[in-house]
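Peer 1: Quick one: the structure is below, questions incoming.
The values are calculated or read from the model by the stated rules, or taken from the named source; none is laboratory data. Bear in mind that the values here come from a model prediction, so they are computed numbers and not experimental data. Note: ideal-geometry Cβ built from the backbone for every residue, glycine included; neighbour counts use all protein chains shown. What goes into the accessible areas is simple: the full protein's heavy atoms, side chains included, and nothing from ligands, DNA or RNA. Shrake-Rupley method; radii C 1.70, N 1.55, O 1.52, S 1.80 Å.
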Amino acid sequence: MKVQALIPARGGSKSIPRKNIVPVGGKPLIAWTIEAALSSKLLDRVCVSTDDEEIAAVARQYGAEVPFMRPAELASDEAGSLGVALHALDWMAAHDGEPDYLLLLQPTSPLRTTADIDGAIRLAEEHAASAVLGVCEASPHPWLARQISPEGVLGDFFPLKDKPRRRQDYPPAYMINGAVYLNLVTSLRAARTFQPPDARAYIMPAERSLDIDTPLELRLVDLLLSHV
């Protein structure tokens, strides 16, 4: 089973300027994901997709391949990860041949470990899965969600009649954490989604599921990684 990792890292970022190479725990943010991927014995290749020469240089410095530069139309705020993945697969098909699975690893999940990468790959192999997605327990639980009416009145988000009375009786709930998107290439091309209906869940703890999107989250992760 041939599995290749793709790390998407565009140059533009509004919430945190130059986010993908901002120092975190003494290294550029993207370095944590590159190093975790390169330590896996189950990955055949680790590539970075970027439109930015500085990010490409940093990626190469830490051992990743940057075999192509991403076109500008796939580096805008509106561009989605699917287009980035398909562009990379098209390049691979034209030059080296497509892998069986593509593993998308976002740099904004630097606490994801090599063990998580290998665990997701083994799960896909065991079940011949079309996809394996990283998830963690939802916190707070969805049953605790509320909504506010146009008049400003607070109400339940879910119908009250369906809600368990005790929090201990809430069923387990999970959310996609963004750390692992492992997809069978034939499925990804056909379904054009990272989340097909039969996707398997790779459960990760909350402490490895943090996704950096705000300056506060960046400071929190920097604190955690500074003590690794």
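Peer 1: Considering amide H positions built from the backbone, and no H for Pro or chain starts, which residues 5 or more places from V180, or on another chain, come under 5 Å of its amide H?
Peer 2: Amide H neighbours of V180, under 5 Å, 5+ apart: G134.
Peer 1: For E65, tell me the accessible area in Å² from a 1.4 Å probe, rounded to the nearest 10.
Peer 2: Estimated to the nearest 10 Å², E65 gives 70 Å².
Peer 1: Probe radius 1.4 Å, ligands and nucleic acids ignored: give me the carbon and sulfur share of the accessible area of the chain as a rounded percent.
Peer 2: About 54 percent, which is the carbon plus sulfur part of the accessible surface.
Peer 1: Another question about this same structure. Provide the solvent-accessible area of F68, counting protein heavy atoms only and rolling a 1.4 Å probe, rounded to the nearest 10 Å².
Peer 2: 20 Å²
Peer 1: Which distance in nm do the two modelled labels at R146 and R192 give, with both placed 7 Å along the Cα-to-Cβ direction?
Peer 2: So the label points at R146 and R192 sit 4.1 nm apart.
Peer 1: What are the ³J(HN,Hα) values, in whole Hz, obtained from phi via the Karplus relation 6.51 cos²θ - 1.76 cosθ + 1.60 with θ = phi - 60°, for each residue of the stretch 92-104 in sequence order, with x given for Gly and Pro?
Peer 2: Once rounded to whole Hz, the list reads 4, 4, 7, 10, 10, x, 6, x, 6, 10, 10, 10, 8.
Peer 1: If you don't mind, another one. Just the Kirkwood number for the chain, please: inverse of mean 1/r across all distinct Cα pairs, in Å, one decimal. Mind dumping the intermediate values first?
Peer 2: On the way: mean 1/r = 0.0531 Å⁻¹.
Evaluated on the chain, it is 18.8 Å.
Peer 1: Next question, about the same structure. I need the peptides 160-168, 17-25 ranked by packing, meaning the mean over residues of other C-beta atoms within 10 angstrom, with the highest value on top. Could you put the intermediate results ahead of the total?
Peer 2: Values: 160-168: 8.0, 17-25: 18.1.
Answer by packing, highest mean first, reads 17-25, 160-168.
Peer 1: Mind counting lysine pairs for me in the chain? Cα separation below 24 Å, and the two need to be 8 or more apart along the chain or on different chains.
Peer 2: Taking the chain as the scope, the lysine pair count is 4.
Peer 1: Further, regarding this structure: Of all DSSP beta bridges in the chain, what percent run antiparallel (nearest 5)?
Peer 2: In the chain, DSSP labels about 50 percent of beta bridges as antiparallel.
Peer 1: What does the accessible area per residue of the stretch 42-171 come to in Å², with a 1.4 Å probe and no ligands, DNA or RNA counted?
Peer 2: 52 Å²
Peer 1: A follow-up question, please. For the stretch 108-208, give the share of DSSP beta bridges that are antiparallel, in percent and rounded to the nearest 5; count only bridges with both residues there.
Peer 2: Roughly 70 percent of the beta bridges in the stretch 108-208 run antiparallel, per DSSP.
Peer 1: Rounded to the nearest 10 Å², what accessible area does I16 show when all protein chains are kept and the probe is 1.4 Å?
Peer 2: 10 Å²
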